[in-house]
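The values are calculated or read from the model by the stated rules, or taken from the named source; none is laboratory data. These numbers were taken from a predicted model, which means no experiment stands behind them. Note: ideal-geometry Cβ built from the backbone for every residue, glycine included; neighbour counts use all protein chains shown.
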Amino acid sequence: MRRLSVLLAGLFLVLGLLGTGVPPVSGNGGTDWPQFHKDAANTGNTSSNAPDSASLVWFSDDINAVESSSVLVADGYVYVYCNGDTAAVDHIKCLNASTGALVWTSDDLSGSSWDSWASPAYHNGKVFMASGTNVYGINASDGTVNWTYAIPSAAEATNGSVTVADGKVFVNDWDGSHYYCLNETDGALIWTFDVSGYAQGTPAYDNGRVYLTSWEWGGNGHVYSVNASSGSQIWHNTAPLPVAGSAAVADDVVYYATYNFGGTGKLYAVNSDNGSSIWETADMQSTDATPAVADGKVYICGGSPGWWDLATYCFATEDGSQLWQVDDIGGWTCSMAAGANAVVVGNLKDPYSGAGSYGTYALDLDTGATIWSSAYGGSSPTVADSKVFTIAQGRVYAFGTPAGNPVDLEAVSISLPTFINNGQANDISAVIKNNGTGTAETIEVTLSANSTVVETETIATLAAGEQVTANFTSWSPDIGDYTLQITVDPDNAIPESDTSNNQLTKAVSVPQMKQGLLTGWNFVATPKKLKDGHKTAGQVFGDVSTDNHSIWVCAAPDGWEALSSDNTVSPLTGIWVYSSGSTEIYFAFDTNPISTPPTKQLYAGWSTIGFSDTEATSANSALTSVESKWAYLIGFDAENQRYDDSIINNTTSGNHSESRSMYPGYGYWIYMTSDGELAAIGN
């Protein structure tokens, strides 16, 4: 998708931080949403219910749908403003509202140099769109252009959408500082109206008047009431901050918000007849969004990721008092849509750094409580025919009640090895289940570590009610703390009835193997060779409070030996360490792939040894290299400060069976009947 053009560094910031909101619903009760914010007055409300859950009915292919634009819905079709393959060309695309299938792509439209997020409008078999330096009347049945109006100033219509009312089309030209009124039938110019600063809003039409907004860089904002037939000014209000969004008109009141490049803005209500002030709110997050007005409430959101906090608000139309606020959702380009049972808001992504995430939220009209949310979508929503339509990542998403047999993929669990090794591949598995009633095919599952994708596995098919295990073998971490995440269908390629369960995270510490020490004596050993900087007794045990006890090893024929702080802690060596309280030590393993497996010379009699792998193994298997030369093996129970039952060679059953396990991190006494060389079973 094309990125914002740059003229000047300061102007780049302006364009990034300014713009009008996106369209809500309109016409034909709750079935259609024919232009921005639903109707010509930009009220942003509909009699249609929003869906009760975050179930996806469909999502389109990547059609280069313009983010922050809003789709319109009319007569069973969805009309979408899309970027073309080059910066010089844009298009309208028509989708089937029931399936999301592409019906047609319009003739070429002039491209937007400023990445405008304007929205189309529909009336009487035509789709109207302002794109680049032209305004178009398009045949809604096949996408052919019926008429084109070249903007006289050669400036581009930007962010604000066209409004169609009373046989007229109203449109802005942004830095040209004009609004134009055109004949709906043939695009002929009826009148031109000059404003102060940038003409950026979507005109709001009500009762023979059109309400226009503008803003001055570093200066004021403006709201104008204009006779829709003649273009003559009726009244003009000056706001203390830019009015970069659009006005909404309901019940003889005009609502508009301000944007503050240095901080907060406000929401205003004025008399539609004469512009006199009715109320203004306390400070709120700056916004270009258009207010949605429904049943005595005004809904609006603001903020910009990386600049100001996100917040979504509800105010009383009577006096502007705040009824509720929800933080961390919304955004300055997200205009809300009020359905009969919920108000829907998109979640903004930082257009510069890419930080943050898209998402769609349905909130309780009276309290702001979340009814449902989805990671999909995020641009200004449209509510029509009991569905929510929204744009993100070039696609259109439709939420509603899925027909047929919907899929519901869930990341159920993550399984990890007992010990995670640094610098070595670790086996990780995840259980994936289909809770839906339909079959899913070609399901991608990713393993990420600290937000970086490590490995992707593909599940060919998963029938309803089935679960499978996805296995990952490529993660070779360094020492540190990690958040592992399993994500099912990361590219949103499969429509689902519920997307809230597609991710699962787990915090892990690697590759330092943690070994717990209990109060009293502990019998421990490193299962592998330790890396430089982590391999001496001082480095391994330096933080242990030993109450002045020495740290001991013992081997025949020499007997007991105290370790000094610079002695190397080696594999196959059992070590006695006293701790005055419960604590942990860490083993950081050498990752040299060509290192020789360690060995230890044992002599007849008793010696201390260590287990030499990171997965528990039977004594019989671990001691294969001295199979005929050992007689007894004894571990130590640090919790109870006593020895475990002995393991006896060639005993095949009972408590003394040679099949009992040896465990990583622990030391053992071994009695050798003759000399032998003990070899590690792991590197």
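Computed quantities for the displayed model
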{"quantity": "Any pair with Cβ under 8 angstrom, 6 or more apart, that starts in the range 260-275 at a residue that is among the basic types (Lys, Arg) and ends at one that is surrounded by 16 or more Cβ atoms within 10 Å (Cβ to Cβ)", "calculated": "266/241; 266/257; 266/258; 266/281; 266/284"}
{"quantity": "Unmet criterion (only one of (1) over 30 Å from residue 99 (Cβ atoms); (2) in a loop (DSSP other than H, G, I, E, B); (3) among the hydrophobic types (A, V, I, L, M, F, W, C)) for residue 464", "calculated": "(1)"}
{"quantity": "Any chance residue 102 is closer than 22 Å to residue 78 by Cα and in contact with an Asp or Glu (Cβ under 8 Å, 6 or more places away or on another chain)", "calculated": "yes"}
{"quantity": "Test: residue 105 is surrounded by fewer than 18 Cβ atoms within 10 Å (Cβ to Cβ), in contact (Cβ under 8 Å) with a residue 12 or more places away in the chain and within 15 Å of residue 65 (Cβ to Cβ)", "calculated": "yes"}
{"quantity": "Residue within the range 202-210 that is of a type outside the set (Ser, Thr, Tyr), surrounded by 16 or more Cβ atoms within 10 Å (Cβ to Cβ) and in contact with a Pro (Cβ under 9 Å, 6 or more places away or on another chain) present", "calculated": "yes"}
{"quantity": "Any chance residue 39 is at pLDDT below 95 and not in a strand (DSSP E or B)", "calculated": "no"}
{"quantity": "Subset tally (residues that are part of a loop (DSSP other than H, G, I, E, B), within 40 Å of the chain's Cα centre (by Cα) and over 22 Å from residue 425 (Cβ atoms)) for the range 491-531", "calculated": "11"}
{"quantity": "Residues (within 18 Å of residue 157 (Cα to Cα) and part of a strand (DSSP E or B)) located in the range 211-221", "calculated": "211, 212, 213, 214, 215"}
{"quantity": "Residues of the range 566-610 that turn out to be outside any loop (DSSP other than H, G, I, E, B) and β-branched (Val, Ile, Thr), as a count", "calculated": "8"}
{"quantity": "Filtered residues of the range 112-156 (kept if touching a residue at least 40 places away in the same chain (Cβ under 8 Å), among the small types (Gly, Ala, Ser) and either more than 23 Å from residue 85 (Cβ to Cβ) or part of a loop (DSSP other than H, G, I, E, B) (or both))", "calculated": "112, 113, 116, 118, 119, 121, 132, 137, 140, 143"}
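To keep it simple, each residue is scored yes or no on (1) within 24 Å of residue 518 (Cβ to Cβ); (2) not in a loop (DSSP other than H, G, I, E, B).
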| position | (1), (2) |
| --- | --- |
| 615 | yes, no |
| 631 | no, yes |
| 652 | no, no |
| 678 | no, yes |
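One line per residue, one yes/no per condition, for (1) modelled with pLDDT under 90; (2) in the same structural domain as residue 92 (by TED's automatic domain parsing); (3) surrounded by fewer than 20 Cβ atoms within 10 Å (Cβ to Cβ):
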position: 352; (1), (2), (3): yes, yes, yes
position: 358; (1), (2), (3): yes, yes, no
position: 367; (1), (2), (3): no, yes, yes
position: 382; (1), (2), (3): no, yes, no
